[in-house]
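Here's the structure we're looking at; comments come further down.
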Protein chains: 2
Amino acid sequence: MDTPRACSVARSLEIVGERWSLLVLREVLLGVRRFADIQRHTGAPRAVLTQRLRRLVDAGILERRDYRPDGERTRQEYHPTPAGRELQPVLVALMQWGDRHLAGPDGPPVRMEHHDCGGAVHAHLVCEHGHALPGDGRGLRAVPRDVGAG
Amino acid sequence: MDTPRACSVARSLEIVGERWSLLVLREVLLGVRRFADIQRHTGAPRAVLTQRLRRLVDAGILERRDYRPDGERTRQEYHPTPAGRELQPVLVALMQWGDRHLAGPDGPPVRMEHHDCGGAVHAHLVCEHGHALPGDGRGLRAVPRDVGAG
DNA sequence: AAGCTGAGTATGGAATTTGAACTCAGCGCG
DNA sequence: CGCGCTGAGTTCAAATTCCATACTCAGCTT
(Lines give C-alpha, C1' and ligand atoms only; values in the text may rest on other atoms or scores of the structure.)
Protein backbone atom coordinates (compact mmCIF):
# COMPACT_ATOMS: atom_id res chain seq x y z
CA MET A 1 0.00 0.00 0.00
CA ASP A 2 1.70 3.18 -1.09
CA THR A 3 -1.21 5.52 -0.76
CA PRO A 4 -0.86 8.09 2.00
CA ARG A 5 -2.67 7.41 5.23
CA ALA A 6 -6.35 8.33 5.34
CA CYS A 7 -6.52 10.74 8.22
CA SER A 8 -8.64 13.59 9.42
CA VAL A 9 -5.57 15.58 10.31
CA ALA A 10 -4.59 15.60 6.66
CA ARG A 11 -8.10 16.49 5.58
CA SER A 12 -8.29 19.36 8.04
CA LEU A 13 -4.94 20.66 6.96
CA GLU A 14 -6.02 20.66 3.37
CA ILE A 15 -8.47 23.36 4.37
CA VAL A 16 -6.85 25.29 7.17
CA GLY A 17 -3.24 24.26 6.65
CA GLU A 18 -2.27 26.80 4.04
CA ARG A 19 -0.22 29.70 5.15
CA TRP A 20 -2.25 32.48 6.82
CA SER A 21 -5.49 30.50 7.07
CA LEU A 22 -5.33 29.88 10.78
CA LEU A 23 -4.12 33.40 11.47
CA VAL A 24 -7.06 34.78 9.54
CA LEU A 25 -9.35 32.58 11.59
CA ARG A 26 -7.67 33.72 14.78
CA GLU A 27 -8.41 37.32 13.89
CA VAL A 28 -12.01 36.64 13.03
CA LEU A 29 -12.49 34.74 16.25
CA LEU A 30 -10.95 37.66 18.11
CA GLY A 31 -13.64 39.83 16.62
CA VAL A 32 -11.75 41.42 13.74
CA ARG A 33 -14.17 41.44 10.85
CA ARG A 34 -12.94 43.59 8.04
CA PHE A 35 -10.57 42.87 5.22
CA ALA A 36 -8.19 45.73 5.89
CA ASP A 37 -8.01 45.00 9.62
CA ILE A 38 -7.39 41.32 9.09
CA GLN A 39 -4.72 42.23 6.59
CA ARG A 40 -3.05 44.58 9.04
CA HIS A 41 -3.11 42.18 11.97
CA THR A 42 -1.90 39.14 10.10
CA GLY A 43 0.48 40.71 7.62
CA ALA A 44 -0.83 38.54 4.81
CA PRO A 45 -0.53 40.04 1.32
CA ARG A 46 -3.88 41.26 0.03
CA ALA A 47 -4.06 38.88 -2.88
CA VAL A 48 -3.40 35.92 -0.62
CA LEU A 49 -5.87 37.17 1.93
CA THR A 50 -8.55 37.33 -0.72
CA GLN A 51 -7.84 33.72 -1.66
CA ARG A 52 -7.84 32.53 1.93
CA LEU A 53 -11.03 34.30 2.86
CA ARG A 54 -12.73 32.85 -0.16
CA ARG A 55 -11.54 29.38 0.71
CA LEU A 56 -12.59 29.66 4.34
CA VAL A 57 -16.00 30.90 3.26
CA ASP A 58 -16.33 28.03 0.79
CA ALA A 59 -15.37 25.57 3.50
CA GLY A 60 -18.10 26.88 5.77
CA ILE A 61 -15.67 28.25 8.34
CA LEU A 62 -16.41 31.91 7.73
CA GLU A 63 -19.46 33.71 6.50
CA ARG A 64 -19.35 36.89 4.49
CA ARG A 65 -21.94 39.49 5.34
CA ASP A 66 -22.74 42.91 4.04
CA TYR A 67 -23.06 45.69 6.49
CA ARG A 68 -23.19 49.41 6.44
CA PRO A 69 -21.23 51.53 8.91
CA ASP A 70 -22.51 55.07 9.50
CA GLY A 71 -21.34 57.46 6.85
CA GLU A 72 -19.81 54.76 4.73
CA ARG A 73 -21.06 52.63 1.92
CA THR A 74 -21.84 48.98 2.20
CA ARG A 75 -18.90 46.87 3.32
CA GLN A 76 -18.29 43.19 3.80
CA GLU A 77 -17.40 41.59 7.05
CA TYR A 78 -16.36 38.09 7.87
CA HIS A 79 -17.96 36.19 10.72
CA PRO A 80 -17.13 32.78 12.12
CA THR A 81 -19.66 30.01 11.55
CA PRO A 82 -20.22 27.28 14.12
CA ALA A 83 -17.73 25.12 12.22
CA GLY A 84 -15.24 27.95 12.42
CA ARG A 85 -15.71 28.34 16.14
CA GLU A 86 -15.09 24.65 16.57
CA LEU A 87 -11.53 25.24 15.45
CA GLN A 88 -10.88 27.16 18.67
CA PRO A 89 -9.28 24.13 20.33
CA VAL A 90 -6.76 23.97 17.49
CA LEU A 91 -5.81 27.60 17.98
CA VAL A 92 -5.65 27.29 21.74
CA ALA A 93 -3.49 24.18 21.46
CA LEU A 94 -1.12 25.90 19.05
CA MET A 95 -1.01 28.93 21.27
CA GLN A 96 -0.22 27.04 24.42
CA TRP A 97 2.55 25.17 22.68
CA GLY A 98 4.00 28.44 21.42
CA ASP A 99 3.65 29.96 24.89
CA ARG A 100 5.62 27.10 26.37
CA HIS A 101 8.29 26.69 23.78
CA LEU A 102 8.65 29.91 21.87
CA ALA A 103 7.70 32.74 24.19
CA GLY A 104 10.15 35.62 24.27
CA PRO A 105 11.47 37.29 27.39
CA ASP A 106 8.16 39.11 27.89
CA GLY A 107 6.25 35.89 28.21
CA PRO A 108 3.11 35.01 26.29
CA PRO A 109 1.71 38.02 24.44
CA VAL A 110 -1.92 36.99 24.73
CA ARG A 111 -3.71 35.23 27.52
CA MET A 112 -6.81 33.14 26.99
CA GLU A 113 -9.12 33.28 29.92
CA HIS A 114 -12.47 31.95 30.95
CA HIS A 115 -14.97 34.75 30.66
CA ASP A 116 -16.85 33.62 33.74
CA CYS A 117 -13.98 33.22 36.17
CA GLY A 118 -10.89 34.73 34.60
CA GLY A 119 -8.93 31.48 34.83
CA ALA A 120 -6.41 30.65 32.11
CA VAL A 121 -7.83 28.32 29.50
CA HIS A 122 -5.96 25.35 28.06
CA ALA A 123 -6.60 22.58 25.59
CA HIS A 124 -6.60 19.29 27.46
CA LEU A 125 -6.80 15.73 26.30
CA VAL A 126 -9.68 13.97 28.00
CA CYS A 127 -11.27 10.62 27.31
CA GLU A 128 -14.97 10.12 27.16
CA HIS A 129 -14.96 8.50 30.58
CA GLY A 130 -13.58 11.65 32.05
CA HIS A 131 -9.98 10.56 32.48
CA ALA A 132 -7.50 13.35 31.89
CA LEU A 133 -4.48 12.53 29.78
CA PRO A 134 -1.15 14.27 30.23
CA GLY A 135 -0.38 17.07 27.82
CA ASP A 136 2.24 15.04 26.03
CA GLY A 137 -0.33 12.50 24.95
CA ARG A 138 1.10 9.59 26.90
CA GLY A 139 -1.64 7.04 27.30
CA LEU A 140 -3.06 7.88 23.91
CA ARG A 141 -3.50 5.12 21.37
CA ALA A 142 -4.40 5.51 17.71
CA VAL A 143 -6.56 2.77 16.25
CA PRO A 144 -6.82 2.74 12.45
CA ARG A 145 -10.15 1.41 11.27
CA ASP A 146 -9.36 0.30 7.73
CA VAL A 147 -6.09 -1.52 8.25
CA GLY A 148 -5.23 -4.79 9.92
CA ALA A 149 -7.96 -7.21 11.03
CA GLY A 150 -10.58 -6.18 8.52
CA MET B 1 0.71 50.30 14.60
CA ASP B 2 0.85 48.30 11.39
CA THR B 3 2.99 45.47 12.62
CA PRO B 4 1.27 42.10 12.72
CA ARG B 5 -0.08 40.92 16.04
CA ALA B 6 2.42 39.30 18.39
CA CYS B 7 0.95 35.89 18.97
CA SER B 8 2.05 32.43 19.92
CA VAL B 9 -0.18 30.93 17.28
CA ALA B 10 1.84 32.72 14.64
CA ARG B 11 5.10 31.68 16.23
CA SER B 12 4.04 28.06 16.43
CA LEU B 13 2.91 28.08 12.84
CA GLU B 14 6.23 29.43 11.75
CA ILE B 15 7.66 26.12 12.88
CA VAL B 16 4.96 23.56 12.32
CA GLY B 17 2.78 25.46 9.88
CA GLU B 18 4.58 24.57 6.69
CA ARG B 19 3.05 21.98 4.50
CA TRP B 20 3.72 18.39 5.64
CA SER B 21 5.24 19.30 8.99
CA LEU B 22 2.29 18.26 11.11
CA LEU B 23 1.74 15.13 9.05
CA VAL B 24 5.34 14.15 9.57
CA LEU B 25 4.89 14.69 13.28
CA ARG B 26 1.70 12.66 13.24
CA GLU B 27 3.58 9.73 11.74
CA VAL B 28 6.41 9.95 14.21
CA LEU B 29 3.97 10.10 17.10
CA LEU B 30 2.22 7.06 15.67
CA GLY B 31 5.52 5.25 15.89
CA VAL B 32 6.71 5.51 12.30
CA ARG B 33 10.40 6.25 12.53
CA ARG B 34 12.09 5.83 9.21
CA PHE B 35 12.43 8.20 6.32
CA ALA B 36 10.97 5.93 3.68
CA ASP B 37 8.01 4.98 5.83
CA ILE B 38 7.23 8.56 6.72
CA GLN B 39 7.50 9.42 3.07
CA ARG B 40 5.11 6.65 2.10
CA HIS B 41 2.53 7.45 4.75
CA THR B 42 2.48 11.20 4.21
CA GLY B 43 3.04 11.41 0.48
CA ALA B 44 5.49 14.26 0.91
CA PRO B 45 8.15 14.54 -1.80
CA ARG B 46 11.52 13.31 -0.58
CA ALA B 47 13.27 16.63 -0.94
CA VAL B 48 10.62 18.37 1.09
CA LEU B 49 10.62 15.64 3.68
CA THR B 50 14.34 16.08 4.14
CA GLN B 51 13.81 19.79 4.72
CA ARG B 52 10.95 19.29 7.13
CA LEU B 53 12.71 16.65 9.17
CA ARG B 54 15.72 18.87 9.47
CA ARG B 55 13.58 21.77 10.56
CA LEU B 56 11.70 19.71 13.12
CA VAL B 57 14.95 18.39 14.51
CA ASP B 58 16.38 21.91 14.69
CA ALA B 59 13.27 23.07 16.49
CA GLY B 60 13.66 20.36 19.09
CA ILE B 61 10.49 18.56 18.08
CA LEU B 62 12.17 15.47 16.71
CA GLU B 63 15.42 13.78 17.49
CA ARG B 64 17.47 11.89 14.97
CA ARG B 65 19.09 8.69 16.13
CA ASP B 66 21.24 6.09 14.49
CA TYR B 67 20.25 2.51 14.79
CA ARG B 68 21.13 -0.75 13.19
CA PRO B 69 18.47 -3.24 12.11
CA ASP B 70 19.63 -6.86 11.80
CA GLY B 71 21.31 -7.50 8.51
CA GLU B 72 21.25 -3.90 7.46
CA ARG B 73 23.68 -1.10 7.83
CA THR B 74 23.21 1.80 10.19
CA ARG B 75 20.06 3.78 9.57
CA GLN B 76 18.55 6.90 11.03
CA GLU B 77 15.29 7.07 12.80
CA TYR B 78 13.30 10.00 14.04
CA HIS B 79 11.88 10.09 17.54
CA PRO B 80 9.61 12.64 19.15
CA THR B 81 11.09 14.77 21.90
CA PRO B 82 9.02 15.94 24.86
CA ALA B 83 8.34 19.19 23.00
CA GLY B 84 7.16 17.15 20.04
CA ARG B 85 4.82 15.10 22.18
CA GLU B 86 3.35 18.27 23.56
CA LEU B 87 1.98 18.98 20.12
CA GLN B 88 -0.39 16.04 20.52
CA PRO B 89 -3.27 18.29 21.53
CA VAL B 90 -2.88 20.20 18.27
CA LEU B 91 -3.11 17.02 16.26
CA VAL B 92 -6.01 15.68 18.26
CA ALA B 93 -7.86 18.96 17.88
CA LEU B 94 -7.29 19.01 14.14
CA MET B 95 -8.36 15.42 13.89
CA GLN B 96 -11.55 15.86 15.81
CA TRP B 97 -12.48 18.82 13.68
CA GLY B 98 -11.85 16.81 10.54
CA ASP B 99 -13.81 13.91 11.95
CA ARG B 100 -16.77 16.18 12.55
CA HIS B 101 -16.70 18.23 9.42
CA LEU B 102 -14.88 16.33 6.73
CA ALA B 103 -15.40 12.64 7.42
CA GLY B 104 -16.44 10.60 4.41
CA PRO B 105 -19.24 8.04 4.36
CA ASP B 106 -17.07 5.55 6.25
CA GLY B 107 -16.72 7.83 9.22
CA PRO B 108 -13.46 8.77 10.87
CA PRO B 109 -10.56 6.64 9.62
CA VAL B 110 -8.64 6.66 12.86
CA ARG B 111 -9.86 6.63 16.41
CA MET B 112 -7.89 8.04 19.30
CA GLU B 113 -8.48 6.15 22.48
CA HIS B 114 -7.33 6.14 26.05
CA HIS B 115 -4.91 3.31 26.49
CA ASP B 116 -6.16 2.55 29.98
CA CYS B 117 -9.89 2.46 29.34
CA GLY B 118 -10.45 2.47 25.60
CA GLY B 119 -12.57 5.60 25.73
CA ALA B 120 -12.40 8.05 22.82
CA VAL B 121 -10.05 10.94 23.49
CA HIS B 122 -10.83 14.55 22.65
CA ALA B 123 -9.18 17.92 23.03
CA HIS B 124 -11.25 19.98 25.44
CA LEU B 125 -11.00 23.56 26.52
CA VAL B 126 -10.73 23.76 30.28
CA CYS B 127 -9.89 26.67 32.54
CA GLU B 128 -7.46 26.41 35.38
CA HIS B 129 -10.29 26.33 37.89
CA GLY B 130 -11.61 23.21 36.27
CA HIS B 131 -14.49 24.72 34.36
CA ALA B 132 -15.12 23.05 31.03
CA LEU B 133 -15.71 25.34 28.06
CA PRO B 134 -17.85 24.30 25.12
CA GLY B 135 -16.00 23.05 22.06
CA ASP B 136 -16.83 26.16 20.09
CA GLY B 137 -14.93 28.33 22.50
CA ARG B 138 -17.87 30.32 23.76
CA GLY B 139 -16.92 31.79 27.10
CA LEU B 140 -13.34 32.24 25.97
CA ARG B 141 -11.78 35.68 26.14
CA ALA B 142 -8.45 36.75 24.68
CA VAL B 143 -6.56 39.34 26.68
CA PRO B 144 -3.68 40.95 24.78
CA ARG B 145 -0.87 42.06 27.02
CA ASP B 146 0.83 44.64 24.85
CA VAL B 147 -1.68 45.82 22.28
CA GLY B 148 -4.98 47.59 22.51
CA ALA B 149 -7.54 47.15 19.77
CA GLY B 150 -8.50 50.80 19.79
C1' DA C 1 -17.46 66.81 -9.52
C1' DA C 2 -13.36 65.56 -7.23
C1' DG C 3 -11.30 63.15 -3.44
C1' DC C 4 -10.89 59.58 -0.17
C1' DT C 5 -11.18 54.88 1.50
C1' DG C 6 -12.09 49.99 1.77
C1' DA C 7 -11.88 45.91 -0.82
C1' DG C 8 -10.24 43.89 -3.80
C1' DT C 9 -7.35 42.67 -9.05
C1' DA C 10 -3.35 42.61 -11.90
C1' DT C 11 1.36 41.71 -12.47
C1' DG C 12 5.92 40.21 -12.58
C1' DG C 13 9.76 38.48 -10.04
C1' DA C 14 11.22 35.50 -5.97
C1' DA C 15 10.67 31.47 -3.36
C1' DT C 16 8.66 26.76 -2.76
C1' DT C 17 6.93 22.52 -4.21
C1' DT C 18 6.86 18.64 -7.14
C1' DG C 19 8.22 14.31 -9.45
C1' DA C 20 11.77 12.01 -11.60
C1' DA C 21 16.35 10.95 -12.02
C1' DC C 22 20.70 10.53 -9.77
C1' DT C 23 24.08 9.53 -5.85
C1' DC C 24 26.12 7.15 -2.09
C1' DA C 25 26.94 3.74 1.58
C1' DG C 26 27.25 -0.75 3.11
C1' DC C 27 25.29 -5.55 3.84
C1' DG C 28 24.57 -10.19 1.82
C1' DC C 29 25.48 -13.18 -1.86
C1' DG C 30 28.39 -15.61 -4.88
C1' DC D 1 36.38 -9.16 -3.99
C1' DG D 2 32.97 -7.35 -6.93
C1' DC D 3 27.76 -6.88 -7.63
C1' DG D 4 23.31 -5.81 -6.83
C1' DC D 5 19.93 -4.11 -3.66
C1' DT D 6 17.91 -0.76 -0.54
C1' DG D 7 17.37 3.23 2.42
C1' DA D 8 18.29 7.96 2.67
C1' DG D 9 19.04 11.50 0.71
C1' DT D 10 20.49 15.25 -3.33
C1' DT D 11 19.94 17.44 -7.85
C1' DC D 12 17.28 19.46 -11.31
C1' DA D 13 13.82 21.59 -14.26
C1' DA D 14 8.99 22.63 -14.48
C1' DA D 15 4.80 24.06 -12.13
C1' DT D 16 2.89 26.41 -8.44
C1' DT D 17 2.54 29.73 -4.84
C1' DC D 18 4.03 33.83 -2.58
C1' DC D 19 5.09 38.54 -2.22
C1' DA D 20 5.26 43.69 -3.00
C1' DT D 21 3.66 47.07 -5.59
C1' DA D 22 0.58 49.25 -8.57
C1' DC D 23 -3.98 49.63 -10.32
C1' DT D 24 -9.26 49.52 -10.22
C1' DC D 25 -13.83 50.42 -8.69
C1' DA D 26 -17.79 51.95 -5.82
C1' DG D 27 -19.99 55.33 -3.35
C1' DC D 28 -19.91 58.65 0.68
C1' DT D 29 -18.18 63.33 1.85
C1' DT D 30 -16.97 67.93 0.60
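The values are calculated or read from the model by the stated rules, or taken from the named source; none is laboratory data. Bear in mind the structure is a predicted one, so any value in this text is a computation, not a measurement. Backbone-built Cβ (ideal geometry, glycine too); neighbour counts: all protein chains shown. Calculation scope for accessible area: heavy atoms of the full protein, side chains included, ligands and nucleic acids excluded. Shrake-Rupley method; radii C 1.70, N 1.55, O 1.52, S 1.80 Å.
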Exercise. Shielding of B:73-83 by partners, i.e. mean partner chain Cβ atoms within 10 Å per residue?
Worked result: 1
For this session: With springs only between Cα atoms under 10 Å apart, run a GNM on chain A and tell me which of A:L49, A:L91, A:L13 wobbles the most.
Result: A:L13
Exercise. Near the amide H of B:L140, under 5 Å away, which other amide H atoms are found, from residues 5 or more places off or on another chain, if H is placed in the peptide plane?
Worked result: A:H115
For this session: Grab the DSSP H runs of chain B that are 4 residues or longer, score each as -39,500 (n - 2.57), total them, divide by all residues and round the 222 nm result to the nearest 500 deg cm²/dmol.
Result: -11000 deg cm²/dmol
Exercise. Hey, for B:V143 with labels 7 Å out along Cα-Cβ, what do the inter-copy distances come to in nm, ordered shortest first?
Worked result: 4.1
For this session: Return P(r) of the protein assembly as shown (all Cα-Cα pairs; 20 Å bins starting at 0; whole %; ordered from short to long distances).
Result: 32, 58, 10, 0
Exercise. Measuring from a point 7 Å out along Cα→Cβ, what nm distances, shortest first, does B:G60 have to its partners in the other copies?
Worked result: 4.0
Problem set entry | B:I15 accessible area, assembled protein chains, probe 1.4 Å, Å² | 30 Å²
Problem set entry | Rounded if a/c under 1.5, otherwise prolate or oblate - the range A:8-133, Cα gyration tensor axes | prolate
Exercise. What list of ³J(HN,Hα) couplings, whole Hz, do you get for the range B:115-126 from phi and the Karplus terms 6.51, -1.76, 1.60, once you set θ to phi - 60° and write x for glycine and proline?
Worked result: 4, 6, 10, x, x, 5, 9, 10, 8, 10, 8, 9
For this session: Please identify, among B:G84, B:G43, B:G139, the residue showing maximal mean-square fluctuation in a Gaussian network model of chain B using a 10 angstrom Cα cutoff.
Result: B:G139
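Counting only other chains, what is the mean number of Cβ atoms within 10 angstrom of the Cβ of each residue in peptide A:25-38?
Numbers: counts 1, 6, 3, 0, 4, 6, 2, 2, 0, 0, 0, 0, 1, 0.
Whole-number average of other-chain Cβ neighbours for A:25-38 is 2.
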Exercise. Against the longest alpha carbon principal axis of chain A, how many degrees, from 0 to 90 and to the nearest 10, is the axis of helix A:88-102 turned?
Worked result: 80 degrees
